[in-house]
Amino acid sequence: MTIAEQERTAEPAPRTPALRVVIVNGSPSRPSKTMGLVDVILDTLKDMLPIEASRVDVYHLGAGFTGAIEREDVTPEVAEALRLAENADLLIAAAPVFRGSYPGMFKHFFDLVEQYALANKPVLLAATGGGDHHALVLEHAMRPLFGFFQALTIPVALFASAGDFDGTTLLNPRVHGRIEIGLTDVVDLLRARATGAPWTRAFE
Amino acid sequence: MSFEIGIMTFGELTEDQATGALPSPRRRVRETIEQARVADQAGLDVFGVGEHHRSDFVGSAPAILLAAAAEKTENIKLTSAVTVLGSEDPVRVWEQFATIDLLSAGRAEIIAGRGSYTESFPLFGYDLKDYADLFREKLDLLLKIRDQNPLTWQGRFRAPLVDADIAPRADGGTLPIWVGVGGSPASAVSTGRLGLPMALALLLGPMTYHQETVELYRAAAAEAGHDADALPISINVHGFVARTSQRARDVMYPYFAKGMMDNNHQRGRGFRMPRAAFDAQASPRAGLLVGSPQEIIDKLLGYHELYGLDRALLQMGFGGVPQKDHLEAIELLATEVAPVVRREVALRHRSAA
């Protein structure tokens, strides 16, 4: 499956619109540490405001994605995944570090995104790597990518090392703490940007 | 608990620096048992054997070496350092260590670790991608075997146990099970949550290297409802004791450097340790426990203060230190270092109480 619909918050206040969160997942693994980090981000976010989360697994979009050179080449399912990301209230860009940067497949997805589709869109940057020395991938590789898109990247970007996980479960309380800080910084902004209908899904 | 000092070995085979010849595995296993005997007679508290599955080590089956050591010793505790639990069958591990416990009248222990080398996983048919899940599940089973017999248990990686009778039971009914932790925050947290004693591996680096590990461990233990301050912490660390600082460094350096190059490799290449780097690791604020008895005393008390340390296992023969030098170091550790550290730590506990 290319687009994984995830849960929506159990009990949003009736008239509060849900924040439509779309995760662009740059990890080929299932399960993965990268999604282990994102799980904690979503759990933390869920406690702050109603959310409705969907995920695009770029490594599993198939030949209609990998063989596409231009936007017009993509299959309808891939076009839907791209639109989902372009229309998110909050985009979570999450990737493991491969060869010193985000994986090529992750970049390929954003190479197909419309140039101005992410302008002024809140984007949360998250990455995982084998060690702490990879942490600046967030600032030196991911943030410039979204700088190109004129996106509104959230100031605190989130990184976790292999040693912070038991398997794919994030255990290091210091990373949990940083997630809490990063999201608290922007929770008012996110609330203001939430557009999801309270009881219906935005994209059926 | 009172402060415990012991030694450990991997039984590595390192070529002789003068002749280039490898010691015979037969000689090396005999030397290993002799180290246990001397440590026991001199009054050390713990003897540990590590597990490495490669032809540059004789220590692939620590339980067998510990059983042999049990026959030559009277008082010393016998532990694996570590048992690579992820690639073991916990039922067999329990049977072996319970047997050592009977042979030694209650002196057996297990340090369960994930393992720093990975050779044992393909050897026993395990997939390295299950590394974390294997360890979690097998530790769970080992702890349940310790707690109850017969046992009904089910997991992913081995056949279920249905009302299984696992024998023998240990001499005193139970065995101490420690968890070996290399320093990753996640293993510190998961070990703390389980409320198990933690054996820290300290290879090189500043003495404060594991401060965060210890903080995370105790915080996770407290959060899970364990008495965090009562949980024992041990370090497994390289070192060497001699009469003088200079002699300790001069004896240890060439063998340690050789061992780091020849035995401490994952892909056929070790790493070079220049003398200056070694001396830096031997300095007062660095982790290597090499020096005169007084230097070792100061460092162990420093570690006790930093981590609330209860136990230290020194690896003093790494890289083929000649048996005669190794045995002398064991005696010095037992007679000049251990009594002072035990006394000082006991005094500190008393004045703190």
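Miscellaneous remarks
- Relative contact order (%) - region A:19-193, alpha-carbon pairs under 8 angstrom, separation at least six: 27 percent
- Averaging Cα coordinates gives a centre for region A:15-72 and one for region B:185-234; these two points are 34 Å apart.
- Among the trypsin sites (Lys or Arg not before Pro) in region B:267-353, those located in a DSSP loop and surrounded by at most 10 other Cβ atoms within 10 Å of their own Cβ are B:ARG267, B:ARG269, B:ARG272, B:ARG285.
- Charge dipole (debye, nearest 20) of the protein assembly as shown; +1 at Cβ of Lys and Arg, -1 at Cβ of Asp and Glu: 780 debye
- Inter-label distance, nm, simple model (7 Å from Cα along the C-beta direction), B:ARG285/B:GLN246: 2.6 nm
- FRET efficiency for the pair B:LYS72 and B:GLU95, taken as 1/(1 + (r/R0)^6) with r the Cβ-Cβ distance and R0 = 25 Å, rounds to 0.70.
- Cα-projected label distance for B:PHE124 with B:ALA276, points at 7 Å along beta-carbon direction, nm: 4.4 nm
- Between region B:98-155 and region A:76-99, the Cα center-to-center distance that results, in Å: 42 Å
- Calculated from backbone phi, Karplus (6.51, -1.76, 1.60) coupling profile of region B:77-87 in Hz, x at Gly/Pro: 6, 10, 9, 7, 8, 10, 7, 7, 5, x, 10
- Amide proton proximity set for A:ALA18, modelled H, under 5 Å, gap of 5+: A:GLY196, A:ALA197
- Straight-distance crosslink candidates among lysines, where the alpha carbon sits under 29 Å from B:LYS299 and sequence neighbours closer than 8 are dropped: B:LYS77, B:LYS258, B:LYS324
- Shape call, region B:130-240: gyration tensor on alpha carbons, a/c limit 1.5: prolate
- Rounded, prolate or oblate (a/c below 1.5 giving rounded, otherwise prolate when a/b exceeds b/c) for region A:65-204 by Cα gyration tensor: oblate
- Cα convex hull, region B:217-353: 122 Å³ per residue, rounded to a whole number.
- A Förster radius of 25 Å, combined with the Cβ-Cβ distance separating B:ASP140 from B:ARG343, puts the computed FRET efficiency at roughly 0.05.
- Whole-Hz couplings from phi, Karplus 6.51/-1.76/1.60, listed for region B:182-187; x for Gly and Pro: x, x, 6, x, 5, 5
- Rounded to the nearest 20 debye, the dipole size of chain B about its Cα centre is 540 debye, using +1 on the Cβ of Lys and Arg and -1 on the Cβ of Asp and Glu.
- Modelled spin labels at B:ALA21 and A:ILE181, positioned 7 Å past Cα toward Cβ, are 6.1 nm from each other.
- Proximity of backbone amide H atoms, modeled 1.01 Å from N, is registered between B:GLU4 and B:ARG311, B:ALA312 at under 5 Å, excluding neighbours fewer than 5 places apart on the same chain.
- Computed [θ] at 222 nm, deg cm²/dmol, the protein assembly as shown (DSSP H ≥ 4; -39,500 (n - 2.57); rounded to nearest 500): -12000 deg cm²/dmol
- Cross-link partners of A:LYS107 among lysines, defined as those whose alpha carbon lies under 29 angstrom from its own and excluding same-chain residues fewer than eight positions apart: A:LYS33, A:LYS46, A:LYS121, B:LYS129.
- Estimated from the Cβ-Cβ distance and a Förster radius of 41 angstrom, the FRET efficiency linking A:GLU72 and A:LEU189 is about 0.75.
- Loop-located chymotrypsin sites (Phe, Trp or Tyr not before Pro) in region B:204-289 (DSSP state not H, G, I, E or B) with no more than 13 neighbouring Cβ atoms inside 10 Å: B:PHE271.
- Whole-Hz ³J(HN,Hα) from phi, Karplus 6.51 cos²θ - 1.76 cosθ + 1.60, for region A:145-161, glycine and proline x: 4, 7, x, 4, 6, 6, 7, 9, 6, 6, x, 8, 9, 10, 10, 9, 9
- Hull shadow area, averaged, chain B [alpha-carbon convex hull, nm²]: 17.0 nm²
- Within chain A, longest stretch free of exposed trypsin sites (Lys or Arg not before Pro) [DSSP loop, at most 13 other beta carbons within 10 Å]: A:100-200
- Whether the protein assembly as shown is rounded, prolate or oblate, judged on the alpha carbon gyration tensor where a/c under 1.5 counts as rounded: prolate
- Relative to the longest principal axis of the Cα atoms of chain B, the long axis of helix B:90-103 lies at roughly 60 degrees.
- For region B:24-72, a crude dipole built from +1 on the beta carbon of Lys and Arg and -1 on the beta carbon of Asp and Glu, taken about the Cα centre, is about 260 debye to the nearest 20.
Laboratory data are not the source of any read-out in this text; all were calculated from the coordinates shown. Because the structure is predicted, anything quoted here is derived from the model rather than measured. FYI the Cβ positions are ideal-geometry reconstructions off the backbone, even for glycines, and counts take in every protein chain you see.
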